[in-house]
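The values are calculated or read from the model by the stated rules, or taken from the named source; none is laboratory data. No experiment lies behind these values; they were computed from the predicted model shown. Here the Cβ is made from the backbone with ideal geometry for all residues, glycine too, and neighbour counts use every protein chain on show. Each accessible area value is taken on the protein alone, full model and side chains, heavy atoms only, with ligands, DNA and RNA left out. Shrake-Rupley method; radii C 1.70, N 1.55, O 1.52, S 1.80 Å.
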Amino acid sequence: MKETADKVYRNAKVYSVALDGTETHAEALAIKDGKFAYVGDETGATEWIGDATEVIDCKGKSVIPGLGDAHLHNAQATLKYGTCSFSDIIPNPETDTPDGVVKLIQEKLKTYAEEHKNAPVIRGFGWDRMWFAGALQGIVRPFTRHDVDAVIPDKPVVLTSFCGHLVLLNTKALETAGVTKDTDDHNGLIIKEADGTPSGYISEPAIFHPIIYSIPNYDFTPEEYHDCLKKAFNDLNASGYTLLCDCQQVESSYAVLSEMAKNGEFTARVSGVHNVNDATRESDFEKAIANRTKFDVDELFMVDTVKYFADGSLAMIEPYTESASDKEPGTREPLLWDEEHLKESMALANKEGFNIHTHAMGSYAIRRVIDCYENAQQLYPNPKIRNIIAHCTFIEPEDRVRMGKSHIIASNQPGWFSDNPTEEPVMVAWWGEDV
């Protein structure tokens, strides 16, 4: 009996590139049992069509291999799909004001709280710090915990910024988490008011994750993670993505991802990370080693990388336009790691055979990470390890050369800033026209 395909895609512009650089150009393809059975011209494809074959007319459109996203936070899909979202607030920098945006946020919070009366914690996501830092008509007007208290004073509220590097807690959330005047501010990352009272702003996941996850019922349920992860997979697949690099482990979410992979619910391969932070570096690394394969499911879900945050926003070699002179080496924000600790930890990661993925945006942070990668490879050479620097926003020319010679991968996300018109005026004010 003649073999037929399950699906045939015809009238297409098929394009693929093999690892050796060989290019494939074709008009049609056939799929049998989840594998390519034929790639070629229209005539050859017709031989694979049977009574049960689904034939898809591509109408001259392109068919390419699945795309890979080299840096996203898929495990935190609950923030996008399971919280009060501010993503549809898109202020006009020339006509809107911070006060107007605050009112929009308050209205959304009020409506969300009314619709979720039984929720013990109100979570929100997607506000932009730039809206309140001068991006709107040059007006600087902080968005504060008092703005949130005015709408929801009686239960904890945790609002994560769209960049994921800043949260705003209302007064009830601060009280529930035990953040007070006496709490260590971690070099200014827990931002306080003039009298020392916590403002509600906390920067960087390494600092705020332990705080917000200590709030009872802040974490999402397995069912919430599952539903939101399914939505994330669907949206990513619709855009052509079939390979994802998740860069922020949330253990409860990873447990759900692992179960989804076992149950045949994955529609993309996912590479995950083990988090390592300076303050908890020894216990974090012990956990990474102990859990090296805990979440792995064949080639669908693999967690073989350790993740570091070298800086938060930008640690620069040269000062910002508005940098304080007492911060070395002239940065608005210091590194999130003691430099010797970072060097030792990355050497250990290399020794243990982990890939290393480091968030570094400023030129100083990038240079120090390159130093650490080179040192680790000198101590424990391993050509199979993939050392990655995420973002690489500002990098000196000589350090680009060093990255190439040391086989360090730059994982850039150009849209992280450029797709938001409210970013530019603040970026220019902070860093200058010539950066």
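Among the residues making up segment 235-286, those that are crowded, with 20+ Cβ neighbours inside 10 Å, more than 19 Å from ASP298 (Cα to Cα) and among the aliphatic types (A, V, I, L, M) are LEU236, VAL250, VAL276.
Would you call THR331 in a loop (DSSP other than H, G, I, E, B), surrounded by 22 or more Cβ atoms within 10 Å (Cβ to Cβ) and modelled with pLDDT under 95? It is true that THR331 is in a loop (DSSP other than H, G, I, E, B), surrounded by 22 or more Cβ atoms within 10 Å (Cβ to Cβ) and modelled with pLDDT under 95.
A search for C-beta distances below 7 Å between a residue of segment 238-259 that is on the phi > 0 side of the Ramachandran plot and any residue that is not in a helix (DSSP H, G or I), counting only pairs 6+ apart in sequence or on different chains, returns GLY240/GLY66; GLY240/LEU67. Applying the selection to segment 194-213, what residues are farther than 17 Å from ALA77 by Cβ and within 17 Å of the chain's Cα centre (by Cα)? Within segment 194-213, SER203, GLU204, ALA206, ILE207, PHE208 meet the criteria.
Once segment 195-224 is narrowed to residues that are free of Cβ contacts under 8 Å to residues at least 60 places away in the same chain and part of a strand (DSSP E or B), the residue that is nearest to MET130 (Cα to Cα) is TYR201.
Residues that are farther than 29 Å from TYR225 by Cβ, open to solvent by less than 20 Å² (accessible area, probe 1.4 Å) and over 17 Å from the mean Cα position of the chain (by Cα) do occur in segment 99-108, at least one of them. Selection over segment 214-233 of residues that are under 18 Å from the mean Cα position of the chain (by Cα) and open to solvent by 60 Å² or more (accessible area, probe 1.4 Å) gives a count of 2. Taking every residue in segment 291-319 that is under 14 Å from ILE389 (Cβ atoms) and pairing it with any residue that is aromatic (Phe, Trp, Tyr) and open to solvent by less than 10 Å² (accessible area, probe 1.4 Å), at least 6 positions away or on another chain, the pairs with Cβ-Cβ distances below 7 Å are THR305/PHE354; VAL306/PHE354. Residue check: is VAL401 of a type in the set (A, V, I, L, M), at pLDDT below 95 and assigned to a helix (DSSP H, G or I)? Taking the combined requirement at face value, the residue does not satisfy it.
Strands (runs of 3 or more DSSP E) fully within segment 142-194 that include at least 3 residues being of a type outside the set (Lys, Arg): 157-161, 166-169. Any residue at all in segment 36-51 that's open to solvent by 40 Å² or more (accessible area, probe 1.4 Å) and within 35 Å of the chain's Cα centre (by Cα)? Within segment 36-51 (the criterion being open to solvent by 40 Å² or more (accessible area, probe 1.4 Å) and within 35 Å of the chain's Cα centre (by Cα)), the answer is yes, since at least one residue qualifies. Among the residues in segment 171-184, are any modelled with pLDDT of 95 or more, under 21 Å from LYS80 (Cβ atoms) and aliphatic (A, V, I, L, M)? Yes, segment 171-184 contains at least one residue that is modelled with pLDDT of 95 or more, under 21 Å from LYS80 (Cβ atoms) and aliphatic (A, V, I, L, M). When segment 163-177 is limited to residues that are within 17 Å of SER214 (Cβ to Cβ) and of a type outside the set (S, T, N, Q), the one that is most open to solvent (accessible area, probe 1.4 Å) turns out to be GLU175.
Find the residue count for segment 1-28, including only residues that are in contact (Cβ under 8 Å) with a residue 24 or more places away in the chain, over 21 Å from ALA268 (Cα atoms) and surrounded by 10 or more Cβ atoms within 10 Å (Cβ to Cβ). Within segment 1-28, residues that are in contact (Cβ under 8 Å) with a residue 24 or more places away in the chain, over 21 Å from ALA268 (Cα atoms) and surrounded by 10 or more Cβ atoms within 10 Å (Cβ to Cβ) number 8.
Please work out if SER85 is touching a helix residue (DSSP H, G or I) at 6+ places or on another chain (Cβ under 9 Å) and of a type in the set (Gly, Ala, Ser). Criteria met by SER85. Is there a residue in segment 109-125 that is closer than 30 Å to ASN355 by Cβ, open to solvent by less than 50 Å² (accessible area, probe 1.4 Å) and in contact (Cβ under 8 Å) with a residue 12 or more places away in the chain? The answer is yes, given that some residue of segment 109-125 is closer than 30 Å to ASN355 by Cβ, open to solvent by less than 50 Å² (accessible area, probe 1.4 Å) and in contact (Cβ under 8 Å) with a residue 12 or more places away in the chain.
Do the conditions hold for ALA70, that is, is it of a type outside the set (Phe, Trp, Tyr), part of a helix (DSSP H, G or I), in contact (Cβ under 8 Å) with a residue 24 or more places away in the chain and open to solvent by less than 70 Å² (accessible area, probe 1.4 Å)? When the stated conditions are applied, ALA70 does not pass them.
Taking the listed residues SER271, SER239, the one that is at pLDDT below 95 and over 25 Å from VAL148 (Cβ atoms) is SER239, with no other qualifying. Comparison of THR144, THR180, THR160 shows that the only residue that is closer than 29 Å to ASP311 by Cβ and crowded, with 19+ Cβ neighbours inside 10 Å is THR160.
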